[in-house]
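These notes concern the structure reproduced below.
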């Protein structure tokens, strides 16, 4: 969650490294995983900075490039 927030909110000094990490997942160099709960957290946290449509677009893009881990798997 924090790495995505670092990039989306351009949080210095972390945003540059966050960009590298996320881009490596987008290009297939690395595999990215996000918990389903993190998607909910992102949608909520970004409510002050982004419109509902912008947040939906972000979540949909994350789902394209990252494997979403359902909550029930996190309890193992």
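The values are calculated or read from the model by the stated rules, or taken from the named source; none is laboratory data. Computed from a prediction, not measured in an experiment: that's the story for all the values here. For neighbour counting, all protein chains shown are included, and Cβ atoms are generated from backbone atoms with ideal geometry for every residue, glycine included.
In table form, for the structure just shown:
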item	result
Some residue of the range 43-51 being touching a strand residue (DSSP E or B) at 6+ places or on another chain (Cβ under 9 Å) and part of a loop (DSSP other than H, G, I, E, B)	no
Residue count for the range 23-42, restricted to those that are assigned to a strand (DSSP E or B) and in contact with a helix residue (DSSP H, G or I) (Cβ under 7 Å, 6 or more places away or on another chain)	2
Candidate set: the range 1-17, residues that are in contact with a helix residue (DSSP H, G or I) (Cβ under 7 Å, 6 or more places away or on another chain) and closer than 18 Å to residue 67 by Cα; chosen: the one modelled with the lowest pLDDT	1
Of all residues in the range 31-64 being under 15 Å from residue 7 (Cβ atoms) and either loosely packed, with under 11 Cβ neighbours inside 10 Å or over 10 Å from the mean Cα position of the chain (by Cα) (or both), the one that is modelled with the lowest pLDDT	49
Subset of the range 29-48 (residues that are without any contact (Cβ under 8 Å) to a residue 24 or more places away in the chain and over 13 Å from residue 62 (Cα atoms))	29, 30, 44, 47, 48
Residue match in the range 8-22 (condition: within 23 Å of residue 73 (Cα to Cα) and assigned to a helix (DSSP H, G or I))	yes
Residue that is nearest to residue 3 (Cα to Cα) [pool: residues in the range 65-76 that are touching a helix residue (DSSP H, G or I) at 6+ places or on another chain (Cβ under 7 Å) and assigned to a loop (DSSP other than H, G, I, E, B)]	66
Residues that are without any contact (Cβ under 8 Å) to a residue 12 or more places away in the chain and either under 14 Å from the mean Cα position of the chain (by Cα) or under 17 Å from residue 68 (Cβ atoms) (or both), drawn from the range 18-27	20, 23, 24
